[in-house]
Structure formats: structure tokens, C-alpha cells
Amino acid sequence: MAEQRGKNQIVTILGGSGFIGRYAVRALAKDDYRVRAACRRPDLAGFLQPMGDVGQVQPVQANLRFPDSVLRAVEGAHVVINAVGVLTSSGRQTFEAVHVDGARAVARAAREAGAERFIHISAIGASESSPARYAQTKARGEAAVLEEFPGAVILRPSIVFGPEDAFFNRFAAMAQVSPVLPLIGGGRTRFQPVFVGDVGAAVAAAAGGAGAPGAVYELGGPDVLTFRELLERTLAYAGRKRGFLSLTFWLAKLQALLTWPLPNALRPLTVDQVRLLQADNVVSAAAQAESRTLTGLGVAVPQSIGAIVPMYLERFRPKGQYSHYRG
């Protein structure tokens with residue numbers, strides 16, 4: 001199927017202007033697809049257009065809460081991709097509305113429009129038995145997608161890193177103003193961070209026919225690190241020396257509750273994110289044994305944290321970006 005990649009086929013990607021979406025758009029344009037980047041505010045998505053040739057990338061309007069807008073966005077598309085997700089639940093953008101109802105709406109629209117392939121981006125740790133609402137709704141969203149489009153390919157990345165990420169940037173920014181960083185649960189939770197560019201490449205490969213219909217692929221990078229090790233690397237790359245404040249999970253949840261009135265951008269972590277930290281976030285042994293990984297989607301050499309993160313955390317150094325060039 002991989003030989004069908006590109007050839008001027010139309011691909012609609014919901015959430016095309018988001019963190020993962022923009023890298024998927026770039027990879028799809030490189031493979032010669034005509035890309036419709038569907039988002040709530042296409043007037044703010046002009047930055048996507050230079051990722052392809054003139055007219056190759058077209059931002060269009062769609063909102064998962066309005067199925068008619070989704071159906072218009074996917075009309076005539078050979079491939080439909082759902083890259084919409086939220087890290088925190090707020091206002092009308094709740095976990096339920098986006099991860100479950102929204103995912104179902106996109107999968108149903110793709111089926112009704114006659115799309116050949118459907119790709120859904122979920123997350124490692126998706127499970128209805130998880131204590132975290134994020135993981136619960138991700139699992140229910142996967143089930144809804146497979147009900148509507150049984151041949152869908154589901155991608156579950158671990159923590160995704162890249163210049164616009166919400167992990168390394170958040171803790172590096174915190175280190176600018178706080179003398180300590182929170183070491184939740186002793187910092188023993190393990191993660192397998194994956195580069196957003198590799199996730200985008202996996203999406204493009206699945207669009208071209210890689211990946212078994214109905215299968216779930218788990219995407220992780222080359223490094224498996226604990227939460228403490230990730231924070232230590234963040235400090236090293238940002239040129240900061242900070243201590244750690246060890247918090248038990250229940251104390252971290254209490255802190256999250258006390259900071260609940262603050263905007264999400266100012267809160268260290270939400271209660272739901274603390275719950276997510278209670279379970280490891282790595283590629284499972286079953287996925288590795290069955291090649292349901294980046295390698296199975298043709299991404300043979302995923303990028304490491306050390307090769308990417310130092311470049312964009314340099315701006316958090318005490319004397320500013322490029323300070324080391326001045327001696």
C-alpha cells in the first residue's frame with residue numbers, strides 16, 4: 001500500500017494547526033498530498049501554508065462539536081486524520097466532548113464521506129480503568145472510532161517533545177522563577193518521550209498505507225527515563241541549578257486542588273495530570289513484540305531528547321539564548 005502515498009490525494013487532518021498536527025501537515029505535504037488542515041480558526045493557521053507548494057496546504061474551518069462542519073471538511077478526502085486532543089478539560093472543550101464525542105464525529109464523517117483510511121491519535125496509557133479522566137476518555141475515544149471506522153489505525157504516543165511542547169518548556173519556565181521543582185511520587189514514574197517530528201512521520205506513513213487496519217501502535221522514542229531524570233535533563237539544558245521538592249501523590253493532588261483557580265498555563269499540574277503520573281508511560285512489551293511501534297511504521301531511527309531538546313531550551317538560560325557563544 002505504501003506505493004500509493006501522495007499522488008495528489010486529498011488528506012484532511014483535524015487539528016492540523018495543533019502541536020502534533022503541524023508536523024503531520026509538513027510530513028504529508030512532503031509526501032505530495034493535498035492537505036486540508038481543519039481547525040476552529042483557519043484565519044490563524046496561515047503559518048501552515050509555506051510547509052507545501054503554493055495551494056498544497058489549505059486551512060479550513062471545522063469544530064468537532066459541530067458534526068456538519070466536520071463532514072464538510074472531510075468531503076472528498078482519501079485519508080482523514082484526527083489529531084485533536086486537550087491536555088486539560090475546560091469550558092466546552094472537555095475531555096468527553098473532544099476525546100470521545102469529537103473522535104466519534106470525525107470517524108463517522110470519514111466513513112460517510114467514503115474515506116479510504118482513518119488515523120486517530122490517542123495516547124499511551126489510554127485505559128478505562130485508569131484513575132485519570134484523560135486516559136479514560138482517550139480509551140473510550142478509541143472504542144468510538146473503531147465502532148464507526150473498524151479499519152482505523154490508532155497511534156498512541158508517549159510524552160511528545162518538540163519546540164512547542166508542554167512538558168520541557170513548562171518545567172524550564174518554572175525553573176526560571178522557582179527555587180525547586182516538584183518531584184511527584186518520588187520521580188520514579190517512567191516515560192519514553194517521542195519527538196513530534198517522528199510522530200508526524202508516522203502519521204504520514206499510516207496515511208500511505210503503513211499500519212494494519214484496526215491496530216493500535218505505541219510510539220516511543222529511544223530513551224526510557226524516570227520523571228526525575230527528565231527534570232534533571234531539563235535543568236541541565238536550561239542551564240539552571242534547582243533543588244527538588246519530593247511530593248507524595250496525595251500531597252501533589254492537594255497542591256493541584258489549591259492552585260485550581262489559576263489559569264491552566266500557570267498551574268504546575270492538574271489533579272488529573274498527577275493521576276497520570278501514577279502509571280508508567282512507555283511502549284508495552286506486547287507492542288514491541290508485534291512491531292506495533294515507530295519501527296513498524298517505517299520510522300527506523302527516532303530522534304533522541306539529547307539531539308533536539310537542548311536547542312529549544314537554550315532560551316531559558318540565565319543569560320539568555322546564545323549566551324555561551326559570547327564566552
Debye, to nearest 20: dipole size of the chain, +1 on Lys, Arg Cβ, -1 on Asp, Glu Cβ: 1100
Net charge of Cβ neighbours under 13 Å - reference residue 194; Lys, Arg +1; Asp, Glu -1: -3
Cβ-based net charge around residue 180, under 14 Å, with every Lys or Arg adding one and every Asp or Glu removing one: +3
Gaussian network model of the chain, Cα within-10 Å springs - most flexible of 99, 120, 78: 78
Folded to 0 to 90 degrees: helix 227-238 orientation relative to the chain principal axis, Cα: 80
DSSP bridge orientation in segment 1-152 - percent antiparallel, rounded to nearest 5: 5
Sum of side-chain charges, residue 216 neighbourhood, beta-carbon under 12 Å (Lys, Arg +1; Asp, Glu -1): 0
Rg/Rh (Cα only; Kirkwood hydrodynamic radius) as it applies to segment 1-109: 0.97
For segment 145-158, Karplus couplings with θ = phi - 60° (6.51, -1.76, 1.60), whole Hz, Gly/Pro x: 4, 5, 5, 7, 9, x, x, 5, 9, 9, 10, 10, x, 7
GNM result for the chain, Cα springs below 10 Å: residue of 153, 84, 299 fluctuating most strongly: 299
Helix-derived mean residue ellipticity, 222 nm - over the chain, DSSP H n ≥ 4, -39500 (n - 2.57), to 500: -10000 deg cm²/dmol
Given charges at beta-carbon only (K, R positive; D, E negative), |dipole| of segment 210-264 in Debye: 340
With Cα atoms, 0 to 90° folded angle of helix 249-258 axis to the chain main axis: 80
Principal-axis tilt of helix 19-30 within the chain, Cα atoms, nearest 10 degrees: 50
Separation between Cα centres of segment 79-108 and segment 111-146, rounded to whole Å: 9
Max mean-square fluctuation residue, GNM over the chain, Cα-Cα springs under 10 Å, options 238, 27, 143: 143
Whether segment 188-327 is rounded, prolate or oblate, judged on the alpha carbon gyration tensor where a/c under 1.5 counts as rounded: oblate
Reachable aspartates and glutamates, given that their alpha-carbon falls under 16 Å from the alpha-carbon of residue 241 and they are not under 8 places away in the same chain: 229, 232, 314
Extreme residue, positive dipole direction of the chain, given options 210, 309, 149 (C-beta unit charges): 309
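Each reported figure results from applying straightforward, stated rules to the coordinates on display, with no laboratory input. The model shown is predicted, which means the values in this text are computed figures rather than measured ones. Every residue, glycine among them, receives a Cβ derived from its backbone with ideal geometry; neighbour counts consider all protein chains shown.
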